[in-house]
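The values are calculated or read from the model by the stated rules, or taken from the named source; none is laboratory data. Please read all numbers here as calculations on a predicted model, not as lab measurements. Cβ: placed from backbone, ideal geometry, glycine included. Neighbour counts: every protein chain shown. SASA here: full protein model, heavy atoms, side chains in, ligands and nucleic acids out. Shrake-Rupley method; radii C 1.70, N 1.55, O 1.52, S 1.80 Å.
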Amino acid sequence: QVQLVESGGGLVQPGGSLRLSCATSGMIFSLYGMAWYRQAPRKQRELVAGIMRGGTTNYANSVKGRFTISRDNAKNTVYLQMNNLKPEDTAVYYCNTYPTTRTYWGQGTQVTVSS
C-alpha cells in the first residue's frame, strides 16, 4: 500500500524559507517521477515542481528561482526547498507521483506565509 507522508510546513514571515519533505513507502520510488502540488483555500490543486526519475526538473512559473525540488532515492524521499516565500505561497502542500498522480493523496503539510 502506497503511503505519502509530507512534513516540514509551518508559519513563516514573507521572505523566509522552509524545507518540505515527503517520505514514501509501498512503491519503487526510483522508478517514478515525483512532484509537489499545492492547494490554497477556494482554489484548485496545482503543480508546484516536478522531478523526473532521471533528475530533470520542472517548475511552475510562480516559483521559478525561489523553490528547488530534489530527491534522495536511497531514502525514498522528495524534498522542496522554498526560499523567499510570499503570502501567495500559502497553501497545503502535497507530494505525489509525476506527471500522472495516484488516486491516493497524503494529508499534506500546511504552509502559511504571513507577517
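Key figures for this structure:
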{"item": "Separation of alpha-carbon centers, region 85-102 and region 9-84, rounded to whole Å", "result": "7"}
{"item": "About the Cα centre, charge dipole magnitude for the chain (Lys/Arg +1, Asp/Glu -1 at Cβ), debye", "result": "120"}
{"item": "Within the accessible area of the chain (1.4 Å probe), percent carbon and sulfur", "result": "46"}
{"item": "Per residue solvent-accessible surface (Å²) - the chain, probe of 1.4 Å", "result": "54"}
{"item": "Estimated dipole of region 46-88 in Debye, rounded to 20 [Cβ of Lys and Arg +1, of Asp and Glu -1, Cα centre]", "result": "120"}
{"item": "Projected label distance in nm at residue 83 and residue 27, using a 7 Å step from Cα toward the beta-carbon", "result": "2.8"}
